[in-house]
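Visitor: What follows is a structure written as structure tokens; I'll ask about it next.
None of the figures in this text is laboratory data; all of them are computed from the coordinates on show. These numbers were taken from a predicted model, which means no experiment stands behind them. In this analysis, Cβ positions are derived from the backbone assuming ideal geometry, glycine residues included, and neighbour counts consider all displayed protein chains.
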Amino acid sequence: MNYYKTKIGNGNIAVDDTILVKDAEAAAGSKMLTGFKPLFSAEAVTRLENKGYQIAGKTNVGEFGLDLLGEFSYGAEADGVLKGAAAEAVANGEVKAALAVDMNGSARRAAAVSGVDFLKPTYGTVSRYGVISCAASGEQIGVYAKNANGIKDIMDVIAGHDEKDGTSLRNESYDYSFTAVSGKKVAIIKELSEKADAETKARINAFADSLRASGVTVEEISFDVFDTANTAWQILMTAETCNNISRYDGVKFGHRAKEYKNIDELYVNSRTEGFNFLTKAVIMYGSDVLSKNRYEACYDKSLKVRRVLAEKFEELIKQYDAILTPASSKTAYEAYNIHEAFGKVFNESAFTALANLIGIPALVCSGVQLMGKHFSEGLLLGLADAVERKGE
């Protein structure tokens, strides 16, 4: 698989294809947006460039970031073992770090598979200005790097308030200094560990042992909310995606079909040609949960579930400083037929959806995932650093 959608230069930062870089094609992995070149860069990109970083190129993503690891990026063949493009660019040492949008866990899965770190920060701490948006209430720009120090370096630059982004929090800056970990308490989530394969469980156990060696108390607990969180987030995510990509109709934005007899055929033919099967499935599901007969039972109820689960997590995090879970059910994925994608992505998102749903930070390190309360990135990075230093 060719990892780079567009090679820009010999820079030290890769940027995924859902994040705008001025004059570089931003297709979000879709035929629908092929050839689109923005007139401005995303705020996170601009902040990095202002600090002297250079963009190496745009990396492939699955269409609108909806698949497992980017396997259904338009124009990029995926066969054999699947890898995430931005994660692999970091793993191979081609770049110091990479920016990616975490909407439905694909960035975290890619980090776990490729053996690099990825931080999805607290929602609203990094500007979403310049993101090709699908699910605005939960998507967030995050950072890939080889280790916790690499993530800290980039987060120190890109985080902070941006008046151009209506979801940006008011803090002008955030502190990503590593928190001392001795005496902290971490909970392994039993329900998620049971969903993972033997190799992933071994990673969890090895990570826990390293934490214990650093003075951290690690306990396994039951916290059975993740399937509920996943269902709620898939409903909200598909509904928001359906709304957001409705602008790509062959008239105002995106690919336009050559054959049509009237405006309805223009819409239908353009979208039929421009979107892949998974995107169409997401649109159909999103349309259904927003329909008059289903809105209250599905969409509105999911908003209430989001609030309830946020409160449940707040209660848990009073007892523990962070939770430790798999980032995915397995350590490697094989290529598969796109008609299986909707179900596969739904099942794998059980590990990642809670962080998107309630906006908490999530960090992948050594193939496993840490989650904590809002603005606890310093602690998560400190825990990761403690493990990484013991592995040196």
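Visitor: Return the total of residues in the range 176-200 being loosely packed, with under 13 Cβ neighbours inside 10 Å, more than 24 Å from Thr125 (Cα to Cα) and not charged (D, E, K, R).
Guide: Final tally of qualifying residues: 3.
Visitor: Are any residues in the range 61-93 in contact with a helix residue (DSSP H, G or I) (Cβ under 8 Å, 6 or more places away or on another chain) and farther than 29 Å from Tyr248 by Cα, and if so, which ones?
Guide: Matches in the range 61-93: Glu88, Val90, Ala91.
Visitor: Let me ask something additional. I'm checking my understanding of the structure. Among residues of the range 351-384 that are out of contact with any strand residue (DSSP E or B) (no Cβ under 9 Å at 6 or more places or on another chain) and farther than 17 Å from Ser329 by Cβ, which one is surrounded by the most Cβ atoms within 10 Å (Cβ to Cβ)?
Guide: The extreme case among them is Leu357.
Visitor: What is the number of the single condition among (1) surrounded by fewer than 21 Cβ atoms within 10 Å (Cβ to Cβ); (2) among the charged types (D, E, K, R); (3) touching a residue at least 24 places away in the same chain (Cβ under 8 Å); (4) out of contact with any Asp or Glu (no Cβ under 9 Å at 6 or more places or on another chain) that Asp227 does not meet?
Guide: It is condition (4) that Asp227 fails.
Visitor: Return the residue satisfying two criteria in turn: it lies in the range 271-294 and is touching a residue at least 60 places away in the same chain (Cβ under 8 Å) and of a type outside the set (Val, Ile, Thr), and of such residues it is nearest to Ala239 (Cα to Cα).
Guide: Ala281
Visitor: From Arg212, Arg203, Arg170, grab the single residue that is exposed (fewer than 15 other Cβ atoms within 10 Å of the Cβ), over 26 Å from Leu309 (Cα atoms) and basic (Lys, Arg).
Guide: Every option except Arg212 fails the conditions.
Visitor: Taking the residues in the range 4-35 that are surrounded by fewer than 19 Cβ atoms within 10 Å (Cβ to Cβ) and touching a residue at least 60 places away in the same chain (Cβ under 8 Å) as candidates, determine which candidate is nearest to the chain's Cα centre (by Cα).
Guide: Tyr4
Visitor: Go through the range 283-392 and tell me which helices (runs of 4 or more DSSP H), entirely inside it, have 1 or more residues that are acidic (Asp, Glu).
Guide: Output list reads 301-316, 341-348, 377-390.
Visitor: Considering only the range 1-33, state which residues are more than 17 Å from Asn276 (Cβ to Cβ), in a loop (DSSP other than H, G, I, E, B) and not β-branched (Val, Ile, Thr).
Guide: Just the residues of the range 1-33 that are more than 17 Å from Asn276 (Cβ to Cβ), to begin with: 2-4, 6-16, 19-26.
Restricting the remaining residues to those that are in a loop (DSSP other than H, G, I, E, B) gives 2-3, 8-12, 20-26.
If the condition is that a residue be more than 17 Å from Asn276 (Cβ to Cβ), in a loop (DSSP other than H, G, I, E, B) and not β-branched (Val, Ile, Thr), then Asn2, Tyr3, Gly9, Asn10, Gly11, Asn12, Leu20, Lys22, Asp23, Ala24, Glu25, Ala26 are the ones that fit.
Visitor: Scan the range 213-231 for residues that are in contact with a Ser or Thr (Cβ under 7 Å, 6 or more places away or on another chain) and within 14 Å of Lys312 (Cα to Cα) and jot them down.
Guide: Passing the criteria: none in range.
Visitor: Out of Asp79, Asp102, I need the residue that is more than 26 Å from Asn269 (Cβ to Cβ) and more than 17 Å from the chain's Cα centre (by Cα). Which one?
Guide: Asp79
Visitor: Additional query: I need every pair where a residue in the range 60-81 that is without any contact (Cβ under 8 Å) to a residue 60 or more places away in the chain and crowded, with 21+ Cβ neighbours inside 10 Å has its Cβ under 9 Å from the Cβ of a residue that is basic (Lys, Arg) and part of a loop (DSSP other than H, G, I, E, B), sequence separation at least 6 or different chains.
Guide: Gly70/Lys83
Visitor: Give the range 55-96 a look and list any residue that's more than 19 Å from Ile245 (Cβ to Cβ), of a type in the set (Gly, Ala, Ser) and outside any loop (DSSP other than H, G, I, E, B), or say none.
Guide: Ala56, Gly57, Ala85, Ala86, Ala87, Ala89, Ala91
Visitor: So which residues in the range 40-63 are of a type outside the set (Val, Ile, Thr) and touching a Leu at 6+ places or on another chain (Cβ under 9 Å), if there are any at all?
Guide: The answer is Phe40, Ser41, Ala42, Ala44, Leu48, Gln54, Gly62, Glu63.
Visitor: Within the range 255-300, track down each residue that is surrounded by 14 or more Cβ atoms within 10 Å (Cβ to Cβ), within 24 Å of the chain's Cα centre (by Cα) and more than 23 Å from Ala26 (Cβ to Cβ).
Guide: Ala281, Tyr285, Ser287, Val289, Leu290, Cys298, Tyr299
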